[in-house]
1. State the number of residues belonging to the range 178-198 that are of a type outside the set (D, E, K, R), under 18 Å from Leu238 (Cα atoms) and open to solvent by 40 Å² or more (accessible area, probe 1.4 Å).
2. Assuming Glu136 fulfils every condition listed in (1) in contact with a strand residue (DSSP E or B) (Cβ under 9 Å, 6 or more places away or on another chain); (2) assigned to a helix (DSSP H, G or I) apart from one, which condition is it?
3. Residue check, Ser243 against (1) assigned to a strand (DSSP E or B); (2) hydroxyl-bearing (Ser, Thr, Tyr); (3) at pLDDT 90 or above; (4) closer than 25 Å to Pro101 by Cα, all met but one. Which one?
4. Go through (1) open to solvent by 30 Å² or more (accessible area, probe 1.4 Å); (2) small (Gly, Ala, Ser); (3) modelled with pLDDT under 90 and name the single condition Ala110 misses.
5. Would you pick out the residues in the range 64-107 that are over 27 Å from Pro234 (Cβ atoms), touching a Gly at 6+ places or on another chain (Cβ under 9 Å), open to solvent by less than 20 Å² (accessible area, probe 1.4 Å) and in a helix (DSSP H, G or I)?
6. Mind checking which pairs have a first residue in the range 147-173 that is outside any strand (DSSP E or B) and modelled with pLDDT of 80 or more and a second that is surrounded by fewer than 13 Cβ atoms within 10 Å (Cβ to Cβ) and hydroxyl-bearing (Ser, Thr, Tyr), Cβ under 9 Å, 6 or more apart or different chains?
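The values are calculated or read from the model by the stated rules, or taken from the named source; none is laboratory data. Keep in mind it's a predicted model, so treat the numbers as computed, not measured. All Cβ positions, glycine included, derive from the backbone under ideal geometry; neighbour counts span all protein chains shown. To get the accessible areas, we keep the full protein, side chains included, count just its heavy atoms, and leave off ligands, DNA and RNA. Shrake-Rupley method; radii C 1.70, N 1.55, O 1.52, S 1.80 Å.
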Amino acid sequence: MTMLSFCPLPAVSRCTLGACAGWASLAPLGLGLQLLPVAPMMAAERVCNGTLLQIKVLERGTVVSDRFRFSLRLEAEASTKSAATSLLNQRVEQARREIKPLAMGRLTIAAPRHDRMGSGGAGRRVERASTSMSGEVSRLRYDALIQTAARLEGVRLQGMLSLASRTGNTSLADQLLEQALLNGRGRAELTAKALGLRRVDLLRIDQRGFGVQPMAMASRQASEGYNPDEAPKPSQTLSLDLSYCLS
């Protein structure tokens, strides 16, 4: 078998649900493939009696979000630690009454922490008590929760994350896999044609999924209102290492 080496060939791919990127590289000829630590989708190792082509394809897309995870910070300041704690407890109870009807499931409230502000003496010394409240909210009550939190004294919205719907996540994963295989096959066939070869055999698939990444809400004025459709959508990434035998 003639030994050849090739320079990397760039490849760019796009999927229908979001921006995608891919690239390809040609490896030196070899008589076999060594499996990577991550178990490949094809269990049996096969021998290539032609030109070995190794391609890496990366696909990325966005998935529909059907709920959001929110985090609120609650603070209270007073001249003494006990007074600050008492005021914080009042604000926690008020926030619980206002937020609970809007949230999905239970709320999580962290243990309070205390900080001393100022140096004392001639300066003003203030005791601060703070805690956090978190939970999930549906798309329907997305704006209502943000507006409610903005009206509560001593309460600040720390963050809002878009969470992927379970059905949408599964559907996107299937689409990304199909798109990655199609793009890899197309690159392999193009390379074989350029080399004057006709047969393209897939030897190995090494799949690496990066999972769904929740997206943070962009900051804006609460008075403008919030539309859940404008919130950044969670993204999912799939990486495939494909090996082809060209002959």
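1. First, pick out the residues of the range 178-198 that are of a type outside the set (D, E, K, R): 179-184, 186, 188, 190-192, 194-197.
Keeping just the survivors that are under 18 Å from Leu238 (Cα atoms) gives 179-184, 186.
Checking which are open to solvent by 40 Å² or more (accessible area, probe 1.4 Å) leaves us with 179, 181-183.
Summing the residues that are of a type outside the set (D, E, K, R), under 18 Å from Leu238 (Cα atoms) and open to solvent by 40 Å² or more (accessible area, probe 1.4 Å) in the range 178-198 gives 4.
2. Answer for Glu136: the failing condition is (2).
3. Single failed check for Ser243: (4).
4. (3)
5. Leu88
6. Gln147/Ser223; Ala150/Ser223
Quick grid of which residues meet (1) closer than 30 Å to Gly184 by Cα; (2) touching a Lys or Arg at 6+ places or on another chain (Cβ under 8 Å); (3) modelled with pLDDT under 95:
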| site | (1), (2), (3) |
| --- | --- |
| Met1 | yes, no, yes |
| Ser13 | yes, no, yes |
| Gly18 | yes, yes, yes |
| Gln54 | yes, no, yes |
| Ser65 | yes, yes, yes |
| Glu75 | no, yes, no |
| Ala78 | no, no, yes |
| Leu87 | no, no, no |
| Pro101 | no, no, no |
